[in-house]
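Let me begin by presenting the structure, written as structure tokens, before commenting on it.
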């Protein structure tokens, strides 16, 4: 049974509509942590992980030479972003989050983050930049650097009056603290997904299979994986020379080699590098040749609609695969077992992801920019 035949509330039309960005209120005191606040933060983490996937994939598929270093490096990051989204969803399920996975809104702010507050000033160093979906050019590579830029978690550099998080690492640091405060709320083995185990056989666990203290250790392990692979690892205070210009600090600083358990030796051409190091390296290279744009191409516009359809289906699948609450609702609504819902969604997941990639490539090959939401499509057509 195809999940397209499922009766459910989360339709493609709803999931493909970009929603207004929520500006988080940063938790600055352990006493402020409630289960509601932690669940909200975990939803934000999943939102940010999803945001990177179409953005990076679009830049990757815009490169004409499939064997180019640029395309292969970005592909390795895309694969790890899927892993990070899985890890964030596993932590969310361990704390009973009712995840809602909807189309990201490109062209404005990265959801839930204010990079201008990052003490490392990535928006100053990596400029010009653009959050619009586009080819692998200077603006896109700079934006990738901004997204993955390390923050500083030293109390001396953080602005206590700022309500927003300034790096992905800062969000995960907050989640780590909230998870510890609320470790008694962990639900063991609650819809845990482990699709990447064969790629990272040395990782002790890609799931949260225990509760309380043992479960918290697994939660912290998943956060370590996400942060260490590139989601804004904090710069050690002792490594920062504040007497040199910020631009020179980026030139001088080298992240430590990734721990062996987080290295992908299957298909990553630089398994020892984190995302930030990969993107700052690309920034120094000659830009790859990308497909030219031919706005208004009838075939290109048709490809955009095909992509929207495939991505909408992919969003539906992710809402099922990563949300046990929604699985139960669908099972009851359609008169089938939860196991059948899981099986049907899982059977279509890989194929649909491949279709999304092929549709992105088809957009570029036919001279149009990929689109991932109905509101983005309307913007493209009116511009």
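Under the rule of -39500 (n - 2.57) per DSSP H run of 4 or more residues, summed and divided by the residues of the chain, what mean residue ellipticity at 222 nm is obtained, to the nearest 500 deg cm²/dmol?
Details: 13 runs with 192 residues, N = 383.
The per-residue figure over the chain is -16500 deg cm²/dmol.
State whether segment 257-318 is rounded, prolate or oblate according to the following rule on the C-alpha gyration tensor (a ≥ b ≥ c being the square roots of its eigenvalues): a/c under 1.5 gives rounded; otherwise a/b larger than b/c gives prolate, and the remaining case gives oblate. Walk me through the numbers on the way to the answer.
Numbers: a/c = 3.88, a/b = 1.59, b/c = 2.44.
Oblate is the answer for segment 257-318, as a/c is 1.5 or above yet b/c matches or exceeds a/b.
Give the shape of segment 17-103 as rounded, prolate or oblate, defined through the alpha-carbon gyration tensor: a ≥ b ≥ c are the square roots of its eigenvalues, a/c under 1.5 means rounded, and otherwise the shape is prolate if a/b is larger than b/c and oblate if not. Write out the running numbers ahead of the final one.
On the way: a/c = 2.73, a/b = 2.35, b/c = 1.16.
Taking the square roots of the gyration eigenvalues as a ≥ b ≥ c, segment 17-103 is prolate.
Using alpha-carbon pairs under 8 Å, 6+ residues apart, how would you state the relative contact order of the chain in percent?
On the way: 626 pairs, mean separation 96.1, N = 383.
Relative contact order comes out at 25 percent.
Identify which of 294, 323, 31 has the largest mean-square fluctuation in a Gaussian network model of the chain, with springs joining Cα atoms closer than 10 Å.
Fluctuation is largest for 31.
Is segment 34-186 rounded, prolate or oblate when judged by the Cα gyration tensor, a ≥ b ≥ c being the square roots of its eigenvalues, rounded requiring a/c under 1.5 and prolate requiring a/b larger than b/c?
oblate
Modelled label-to-label distance, residue 295 and residue 247, 7 Å Cα→beta-carbon offset: nm?
3.1 nm
How far, in nm, would the chain grow between residue 285 and residue 332 when pulled straight, counting 0.36 nm per residue and subtracting the alpha carbon separation? If you can, show how the numbers build up before the last one.
Details: separation 47, 0.36 × 47 = 16.92 nm, distance 5.40 nm.
Here the segment from residue 285 to residue 332 would lengthen by 11.5 nm.
Taking 30 Å as R0, compute the FRET efficiency from the Cβ-Cβ separation of residue 14 and residue 220 and round it to 0.05. Kindly include the intermediate steps, with their values, before the conclusion.
Working: r = 34 Å, r/R0 = 1.15.
Rounded to the nearest 0.05, the efficiency is 0.30.
Compute the whole-percent fraction of alpha carbon pairs in the chain spaced more than 35 Å apart. Before the final figure, lay out each step's value.
Working: 16517 of 73153 pairs.
When every Cα pair of the chain is considered, 23 percent fall beyond 35 Å.
Roughly speaking, what is the stretch gain from residue 25 to residue 358, that is 0.36 nm per residue apart minus the C-alpha to C-alpha distance, in nm to one decimal? Let's see the in-between values first.
On the way: separation 333, 0.36 × 333 = 119.88 nm, distance 3.84 nm.
Contour length minus Cα-Cα distance gives 116.0 nm.
Anyone know which of 167, 62, 183 comes out most mobile in the 10 Å Cα GNM of the chain?
Maximum among the listed residues: 183.
May I ask for the distance between the Cα centers of segment 105-144 and segment 243-296, given as a whole number of Å?
15 Å
Any read-out appearing in this document is the output of simple, stated calculations on the displayed coordinates, not a laboratory observation. Quantities reported herein were computed from a predicted structural model and do not represent experimental measurements. FYI the Cβ positions are ideal-geometry reconstructions off the backbone, even for glycines, and counts take in every protein chain you see.
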